[in-house]
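Step one of this worksheet: look at the structure below.
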Amino acid sequence: MENIDYILKESFKGKLIENYPMKEYTSFKCGGNARYLIYPENIEELKKIIKISKKYNLEFLVLGKGTNVLVSDKGFNGIIISTLKLNRIDFDGENLKCESGVKISILLKFCIENNLEGLEFLAGIPGTIGGAVKNNAGLKNEWISEKIDYVRFFDVNSSEIIKKEKKDIFFDYRKSEFNSSMIILDVNLKFEKGQKERIILKIKKYIHERKLKQPIGYSAGSIFKNPYPYYAGELIEKCGLKGYSIGDCYISEKHANFIINRGNGKANDVYKLIKIIKEKVKEKFNIELETEIQLIGEFE
């Protein structure tokens, strides 16, 4: 019988790490080890990882910067596919094409250098373009879905690369049709020609506004989606949960929709806080909060 360890090591020399501590990868700074972490550098390598995973019935998960996830303390017994080296930006004067692993901060720097306006509202979001598209990142009145021409993705079930125009893609508040079997490869973005100084000022304004509202510390951003027409943070605050802590994790006093890890917290501490918040909000307001972050692995 072929050995999966040997096959992966031979296929991805210098790009594979075994038993990788996911607390080093995610913004929550907690969670157990991933059996494998691989950094593919092109689409062919990505397809090869998925082919091997399917052949050996090994679970896989695609991650960007790990800013919107909570990994179980038990870890992940499969392959974490990091998109961080799938980070090309191609610009021909008319088309702005980004691979899924491009960091939002890098894209905005590119926009400043090339006087490209219209994406400033993404400033301060710590993730990648792939994650931003999948979760339809943005603000109250501005969303990345409004800036998309088309998206190319790899369909895990058919093993085909599919290109979809924006008009044919389902987007909604903090979500899209893209799931674990539809791996975003790259996206073509709309922009306007602008002035460097104006773009820089707008980016600074958005970052300043985020800093005013959002707490500092190890977190995954907003834990829950806002249940229209309410705000999750306001509901949690009205339940008297600001500052409530378990272990080394607590519900932020600055913004109740944030859970902060002081540094030594466990994923299970965060999970327990999530459960308490959901229970209290359901009990007081009869509203079922939906998590915005992705839970990876087994939780009790």
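The values are calculated or read from the model by the stated rules, or taken from the named source; none is laboratory data. On a predicted model such as this, the values are computed, not experimentally measured, just so you know. In this analysis, Cβ positions are derived from the backbone assuming ideal geometry, glycine residues included, and neighbour counts consider all displayed protein chains. In case anyone asks, the SASA skips ligands and DNA or RNA and just uses the protein heavy atoms, side chains included. Shrake-Rupley method; radii C 1.70, N 1.55, O 1.52, S 1.80 Å.
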* Structure fact -> Among the DSSP H helices of the chain, those whose Cα atoms extend at least 20 Å along the helix axis and whose mean Kyte-Doolittle hydropathy is 1.0 or higher are none
* Asked: Ignoring ligands, DNA and RNA, what accessible area per residue does the chain give at 1.4 Å, in Å²?
  -> 51
* Distance between the stretch 179-239 and the stretch 17-78 - C-alpha centres, whole angstrom -> 24
* To do: Over the chain, with every protein chain in place, what whole percent of the accessible area is carbon and sulfur at 1.4 Å, could you tell me?
  => 46
* Grab the DSSP H runs of the chain that are 4 residues or longer, score each as -39,500 (n - 2.57), total them, divide by all residues and round the 222 nm result to the nearest 500 deg cm²/dmol. => -8500 deg cm²/dmol
* Asked: Along the Cα-to-Cβ line of L139, 7 Å from the Cα, sits a label point; which residues in the stretch 92-118 have backbone N less than 14 Å from it?
  -> 118
* Subtracting the Cα-Cα distance from 0.36 nm times the residue separation, let me have the gained length for D5 to E288 in nm, one decimal. => 97.6 nm
* To do: Using packing as a proxy for protection, rank 61-71, 145-155 so that the peptide with the highest average count of other Cβ atoms within 10 Å comes first.
  => 61-71, 145-155
